[in-house]
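**Student:** Got a structure for you, questions after.
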Amino acid sequence: MNNNFIFVGRICKNLELRYTKENKAVVEMSLAINNTKESTTFVKVSVWGKIAETTAEYCKKGDLVGVQGKVLNHNWEDDKGIKHYDYNFMANNITFLQTKSNNQTEQKQSENDIKKATDEQIYADFGDSIEITDDDIAF
């Protein structure tokens, strides 16, 4: 039985590409996954190989990504006999959904469109603009 996961979240910090002694690329990525408006889950995902290199090259803090992979568990017992359970999320596919700068550009464009539409509506409601000179002002 496979333990697979699918996450959609924003990258929490800029990615640091590292290489193992065997020259394998690896990136440790922290994702913020919104559960509800008030609740967010933070997870660490390991990315290996060419996917790690591509992700490190094109993604940065704030980007929205979709991540698929497998869950590996790591159980151990310490010196005091206490059992510990840990889970590692290993990505095998990453989809670039939205860059932070792209999102901000779209938002700014939307704001500009609203302002332009509002300005055009004012002229439509009140007619064309008129020229006013200093002689037209009473004071």
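**Student:** Of the residues THR40, THR55, which single one is over 16 Å from PHE96 (Cβ atoms) and of a type in the set (Ser, Thr, Tyr)? Before the answer, list the steps.
**Tutor:** On the way: THR55 fails: over 16 Å from PHE96 (Cβ atoms).
Step by step, each of THR40, THR55 is checked, and only THR40 is over 16 Å from PHE96 (Cβ atoms) and of a type in the set (Ser, Thr, Tyr).
**Student:** Sort out which residues of the stretch 1-31 are surrounded by 13 or more Cβ atoms within 10 Å (Cβ to Cβ) and more than 16 Å from THR55 (Cβ to Cβ), and write them in order of number.
**Tutor:** PHE5
**Student:** Being closer than 14 Å to ILE94 by Cβ and surrounded by 12 or more Cβ atoms within 10 Å (Cβ to Cβ), is that true of even one residue in the stretch 71-78? Please lay out each step first, then the result.
**Tutor:** Initially, the stretch 71-78 is screened for residues closer than 14 Å to ILE94 by Cβ, giving none.
The answer is no; no qualifying residue exists.
**Student:** Additional query: Does any residue in the stretch 71-90 that is closer than 19 Å to PHE5 by Cα come within less than 6 Å, Cβ to Cβ, of a residue that is loosely packed, with under 12 Cβ neighbours inside 10 Å and of a type in the set (D, E, K, R) six or more places away or on a different chain, and which pairs are these?
**Tutor:** Close Cβ pairs satisfying both conditions: HIS74/ASP86.
Since every read-out is calculated from the coordinates, none of them should be taken as a lab result. Note that the structure is a prediction, hence the values are computed from the model and not measured. Here Cβ is always computed from backbone atoms with ideal geometry, including for glycine, and neighbour counts include all displayed protein chains.
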